[in-house]
Amino acid sequence: MAEIGKRLTVVDGERVEIEVFDVPEPGPGQVLMRVSRSQVSAGSEKGRFRGPFNPAGHTPRPPGYTAVGRVQAVGPGVEDFTAGDRVFALGRHSSHLLVDTAPREDSTLSFAEGEFPGRPPQRIKFDITDEQACFSRLGDVALHGVRRAELQPDESVVVFGQGVVGQLIVGVCRLAGGYPIVAVDLDPERLALSKKSGATHIVDASTTDAVEEVMAITGEGARCVFHANRDAQVLDDCVRSAGYAGKVVLVGATGGTLEMRLGPLLSREIDVRGSQWQVDYPHKYYPWSTPRNRSAIMRMIESGDLSVEHLISHVAKPEEAHELYRLIVAGPKGWMGIFFDWND
């Protein structure tokens, strides 16, 4: 009798349900992963639902892309992994995942169906919890953004948006020697967490003019400004908060269109940089691959240099997913890092 697995699916773009499936055997070059934890990436996963976060009406995809667990079985030809190996992998919220162990171009698996063909698992070599290991994915996003900013010690930093990615940017900038580090958000609870993440100053944009506050703190504007927010319009405030020849880095799942004044962008010669695409392997032009960044984040967490425990708000069973996604779509209050526990 086939083993039965379960996974989350979005129905009609409006509700999250659990569907069951027969757990497959791994094929050549694949491993079957038994997932223990998966982490919600709220900025990206909001787009799975109809409404303001999916204005174009795109067909919702299965949610999730971050999972930690152990190899349950290996397919023919697999030599680098054995049953019992603890691994990180890209994949939807599911109790089991089939994962390719080597990059490949042609695949019958579909990214649109929540699978990630040709994205090998990564062995976890650090003494950290499953939740901490999951943070390596969004930590990779944050670390790549800081690398794109080319942050120098004692450069001033402002981070607009204090979701998980924004909090991790704050933490990485602290490790890189940025000062001051200013966290900006509309939610006082998130700003309280920002202080634990490493912010030297916080700005509540719901009660004050964020740009004026940043200018008062930094003097002439910040050297590095991070847009870690789904609202494209916030870019205008980011540009106006940057000092002369400052750097503005857009990080993560920002989308949409905006209207903004070009004067500050031109007169202060602001350098606007994107930060999203990365490669899974090192090459001569960009040595910092996603696995290498994830490994760096895990090492920082294990050493205690990067704190993430305060960012865990929910560790829930998959049966609670619908209510948690309703909470996410409703706004930023009452949640931060959300994980699903797939253990029996």
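The values are calculated or read from the model by the stated rules, or taken from the named source; none is laboratory data. The model shown is predicted, which means the values in this text are computed figures rather than measured ones. So basically every Cβ, Gly included, is an ideal-geometry build from the backbone, and we count neighbours across all protein chains shown.
The helices (runs of 4 or more DSSP H) found entirely in the stretch 119-210 that carry 2 or more residues being in contact with a Ser or Thr (Cβ under 6 Å, 6 or more places away or on another chain) and farther than 21 Å from Pro287 by Cβ are 130-149, 164-176. For the stretch 228-275, the set of residues classified as surrounded by 19 or more Cβ atoms within 10 Å (Cβ to Cβ) and of a type in the set (Asp, Glu) consists of Asp237 only. Scanning the stretch 67-86 for residues that are β-branched (Val, Ile, Thr) and under 18 Å from the mean Cα position of the chain (by Cα) gives a single hit, Val68.
Going residue by residue through the stretch 250-264, is there one that turns out to be of a type outside the set (S, T, N, Q) and at pLDDT 90 or above? Yes: the stretch 250-264 contains one or more residues that are of a type outside the set (S, T, N, Q) and at pLDDT 90 or above.
Within the bounds of the stretch 318-325, is there any residue that is surrounded by 14 or more Cβ atoms within 10 Å (Cβ to Cβ), modelled with pLDDT of 90 or more and in a strand (DSSP E or B)?
Initial filter on the stretch 318-325 (surrounded by 14 or more Cβ atoms within 10 Å (Cβ to Cβ)): 318, 320-322, 324-325.
From the residues that got through so far, the ones that are modelled with pLDDT of 90 or more too are 318, 320-322, 324-325.
Restricting the remaining residues to those that are in a strand (DSSP E or B) gives none.
Looking through the stretch 318-325, none of the residues is surrounded by 14 or more Cβ atoms within 10 Å (Cβ to Cβ), modelled with pLDDT of 90 or more and in a strand (DSSP E or B).
Being touching a residue at least 40 places away in the same chain (Cβ under 8 Å) and over 16 Å from Val225 (Cα atoms) is a property that Ala133 has. Only one of the numbered conditions (1) touching a helix residue (DSSP H, G or I) at 6+ places or on another chain (Cβ under 9 Å); (2) at pLDDT 95 or above; (3) not hydrophobic (A, V, I, L, M, F, W, C) is not met by His96, and that is (1).
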